[in-house]
Structures are given as structure tokens and as C-alpha cells.
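For reference, the structure discussed in these notes is given below.
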Amino acid sequence: MILLTFNVVNIESENKKGFQMNAEERLEITESNTKSILRILDIYETKASFFIEISIVENLKNLIKAISAQGHEIAFYNKNSSASQIEAVKKTTEDFLEKQIRGIRQKEFKIGETDLKLMGFHYISNIDHADILFPFKRLKRDSAITEENGMSIVPESISPYSQLPYNDFVFQVLPMKYYQNMVFETLKNDDFVLVYLDSWQFTDLEKYQFKVPFYRRYNTGKKMEDKLEEFLTWINKNEMATSRMKDYIF
């Protein structure tokens, strides 16, 4: 099973000298990028899970409704929000969607399983920091979903052969043929592969003059859209199963 997920986050990079951008304009870029992802998923009839960053949820209600209306899962991405902020946003979102939010994803800043369970979350999908060196370190980690304090803990997937994690950076830089082989070989060994991408990777960095390290500029914008389409074409051609996270876990 392939669990395809997207982190909906604003791009944090500064603009180059002489180019100014406010928070509202950054939010518009995030919304535009996410709509591009939705268009591609619709073409290939693929359902995914979208992890919306807590601090921008209130400003993306219409987009969130559109994501949900297309049959995708809405979950949260906690960048640095407090427990009280998460709880308040969860209640508001569930009210206007009339659906329960089951999942949350965290990276550097993490709320404990007990607190998240009390808020009504059912699973946690924590991810690691990805830079130019981290994805290529040899890692050892159990890929099985575990239960802790009544919560399902979904680990970041790692290829048992190359030991590369299936994070946003690896998808961006690896040749698609190699990435496809990695997924195919992993599914021979594991029950699922959890893939995640960031919405900012679909940004036209030249158009908006963002200062992004050279290794992070590669395959962004339209090239990232093309790469996602190539991946989904391969999935459909090989009749590989995909699922929203909440459906797979429960």
C-alpha cells in the first residue's frame, strides 16, 4: 500500500534583494500550489492525506473544504503550536467540515501522545528533519505501526535496501526510475510505504525570487508537478494500491 501525503505549509525562505512579499502573498502561493496538487490527483483518481499547518488553517477554510470535498483526508501539521492552539483549531475545523480530524504530523516541536489523545486524535505521523546530508545517512528503524497510550504511531518509511527515507527531499532529488524501484522493492518487504511532499516544493522559485539553497531548488515548481504525475502514472500502470492514512490505519 502506498500512503501518499502532502504537508500544506507556507514557504519560509526569504526573497532576494529588491523583491518583497507579505504573509498574505505567501499564503496565496501555498493555496495555488495545493490546487495544482489537487488537479493532478484528480486526473489520476488518487486519494491522499493533506496535513495542514496549524497556524494557517483559519486562513485556508475554503481550500480545506475543497480538499475534503474531493475525497481527500484532512489532518494537521504541527510546526510550533501549543496544545491549546491545536485543540482550538481542531474544534473549529471539525465544526465547519462536519468531519472528525484523526491525524496529526509533527517534526521538531512535538506534543505528547497523551495530550493528543485527549484532544481526540487517533494517530501521529511524525517526520524527521531533511537536509542535504540527512537523507543519505544509513538509518535503522522499525517500519511497523505501533500503539502508544491508545494512539497509532505511524513511522516515517525507510527503504530496507538503500536505507533512504521516503521524505520530501528524497522524492525531489532522486531520479524517478530509482525512486520507483525503491518503492517496488520496499513493498516486497513492508506492508506500506509512506510518501510525503511539501506544498512549497511546487513553487516557481524564479518567479517569486526566493532565496533557496541550490540543492533545494532542483526539480521544484513545474518540474515537481511533472515528477508527481510521472509517479502517479507508474502507480496506475502497475495497479498499485493507494490509500488515505485514516483508511489504512483503521
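Enumerate the amide H contacts of THR242 below 5 Å, restricted to partners 5 or more residues apart or on another chain; note that Pro and chain-start residues carry no placed amide H.
It is ILE2, by chain and number.
Over the Cα atoms, compute the radius of gyration (one decimal) and Dmax (the largest Cα-Cα distance, rounded to a whole number) for the range 1-102, in Å.
Over the range 1-102's Cα set, Rg and Dmax evaluate to 14.4, 47 Å.
In whole Hz and in residue order, list the ³J(HN,Hα) couplings for the range 196-210 that follow from phi through the Karplus curve 6.51 cos²θ - 1.76 cosθ + 1.60, θ = phi - 60°; x for Gly and Pro.
9, 10, 9, 4, 5, 5, 8, 7, 7, 5, 6, 4, 9, 6, 8
If the viscosity is 1.002 mPa s and the temperature 20 °C, what translational diffusion coefficient in µm²/s does Stokes-Einstein give for the range 2-249 when Rh comes from Kirkwood over Cα pairs?
115
Using a Förster distance of 30 Å, how high is the FRET efficiency between GLN85 and GLU230, based on the Cβ-Cβ distance and rounded to 0.05?
0.20
Would you kindly derive the ³J(HN,Hα) couplings of the range 101-118 from the backbone phi angles with the Karplus curve 6.51 cos²θ - 1.76 cosθ + 1.60 (θ = phi - 60°), listing them in order in whole Hz, with x for Gly and Pro?
Per-residue couplings from phi come out as 8, 9, x, 9, 10, 9, 10, 5, 9, 10, 8, x, 4, 4, 5, 5, 4, 5 Hz.
Tell me which of PHE6, VAL89, SER162 sits at the most positive position along the dipole axis of the range 2-249, charges placed on C-beta atoms (Lys, Arg +1; Asp, Glu -1).
Going by the Cα projections, it comes out as SER162.
Hey, fewest Cβ within 10 Å first, where do THR233, THR203 land in order?
So the residues, fewest neighbours to most, are THR233, THR203.
Can you give the extra length, in nm with one decimal, that the chain gains between ALA23 and GLU239 once fully stretched, where that is 0.36 nm per residue apart less the Cα-Cα distance?
73.6 nm
Once you place label points 7 Å from the Cα toward the Cβ at ALA69 and LEU187, how far apart are they in nm?
A separation of 3.2 nm, rounded to one decimal place.
What ranking do HIS72, HIS122 get, fewest neighbouring Cβ atoms within 10 angstrom at the top?
Fewest-to-most Cβ neighbours within 10 Å comes out as HIS122, HIS72.
Name the long-range amide H neighbours of GLU53: under 5 Å, sequence gap of 5 or more, or other chain; modelled H, no Pro or chain starts.
It is VAL8, TYR77, by chain and number.
Of LYS47/LYS91; LYS65/LYS107; LYS17/LYS61; LYS79/LYS222, which sit over 28 Å apart, Cα to Cα?
Over 28 Å apart, Cα to Cα: LYS17/LYS61.
Note the full-extension length gain between LYS35 and SER55 as 0.36 nm times their separation in residues minus their Cα-Cα distance, in nm to one decimal.
Here the answer is 5.3 nm.
Along the range 57-66, what does the Karplus equation 6.51 cos²θ - 1.76 cosθ + 1.60 (θ = phi - 60°) give for ³J(HN,Hα), rounded to whole Hz, x for Gly and Pro?
So the J values, rounded to whole Hz, are 4, 4, 8, 10, 4, 5, 5, 4, 4, 5.
Rounded to the nearest Å, what's the spacing between the alpha carbon centres of the range 189-212 and the range 40-117? Just the number, please.
Value for the Cα centre distance between the two parts: 18 Å.
Where a number appears in this text, it was derived from the coordinates with a stated rule and is not lab data. From a predicted model like this one, the values you see are computed outputs, not experimental measurements. Virtual Cβ from ideal backbone geometry, glycine too; neighbours counted across all protein chains shown.
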